1. For segment 1-107, which chymotrypsin sites (Phe, Trp or Tyr not before Pro) pass both filters: DSSP loop (anything but H, G, I, E, B) and at most 14 other C-beta atoms within 10 Å?
2. Considering the options V2, F68, A28, tell which one lies farthest towards the positive end of the dipole of the chain, charges being +1 on Lys and Arg and -1 on Asp and Glu at the Cβ, about the Cα centre.
3. Applying 1/(1 + (r/R0)^6) with R0 = 22 Å to the Cβ-Cβ distance of Q75 and K26, what FRET efficiency is obtained, to the nearest 0.05?
4. As an exercise, use a Förster radius of 35 Å and the Cβ-Cβ distance of E103 and D123 to find the FRET efficiency, rounded to the nearest 0.05.
5. Could you give me the percent of Cα pairs per 10 Å distance bin for segment 65-128, shortest bin first, beginning at zero and ending with the bin that holds the maximum distance?
6. On a straight-distance basis, which lysines could pair with K13 in a cross-link, Cα separation under 22 angstrom, same-chain partners fewer than 8 positions away excluded?
7. Between Y57 and K134, how high is the FRET efficiency from 1/(1 + (r/R0)^6) when r is the Cβ-Cβ distance and R₀ = 25 Å? Nearest 0.05.
8. Relative contact order for segment 10-84 using alpha-carbon pairs under 8 Å, separation at least 6, rounded to a whole percent?
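The values are calculated or read from the model by the stated rules, or taken from the named source; none is laboratory data. Predicted, not measured: the structure shown is a model, and the values here were computed from it. Virtual Cβ from ideal backbone geometry, glycine too; neighbours counted across all protein chains shown. Side chains included, ligands, DNA and RNA excluded: accessible areas come from the protein's heavy atoms. Shrake-Rupley method; radii C 1.70, N 1.55, O 1.52, S 1.80 Å.
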Amino acid sequence: MVQLIVGKKGKGKTKYLLDKVNGAVKTAFGNIVYLDKNSKNMYELNNKIRLINVSDYLINDCDEFIGFICGIISQDHDLEQMYLDSFLVNAHLEDQDIAPAIEKLEKISATFHVDFIISISVDQTELPENLKEKVIVSL
């Protein structure tokens, strides 16, 4: 399953995502990974959540980012949820169509039973119609 948290920059998406991931630790049976563009939120995450600073890994485009996610999944058979903050920056999709990437993550989710909760800096009205149903919070 892919869920989206959307809103313009500065609207509180990261805070909502941090609250959601820290709450998920209490009920999760598997592992949780949080991907971000830096390590700034390290101390706001529960210590059971693995924070990965994507900018450390020389990712240049969306295909490499999706491959990076698949690599994480392949190394952790107990992975249950992935939280992706700053999705447009990390996936190098600023000013591009995000629908193909979200569709690919949906397929990965179904195949490997990993849920993706994604923070995207766009207004809900700017999303393609087929993605609006995946929005859980619009700020």
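1. Details: sites: Y16, F29, Y34, Y43, Y57, F65, F68, Y83, F87; in loops: F29.
Qualifying residues, ordered by number: F29.
2. Going by the charge dipole, the pick is A28.
3. 0.35
4. Values: r = 21 Å, r/R0 = 0.59.
Calculated transfer efficiency: 0.95.
5. The percentages, shortest bin first, are 20, 56, 22, 3.
6. Within reach: K26, K37, K40, K48, K132, K134.
7. On the way: r = 26 Å, r/R0 = 1.03.
For Y57 and K134, the calculated efficiency is 0.45.
8. Contact order relative to length: 40 percent.
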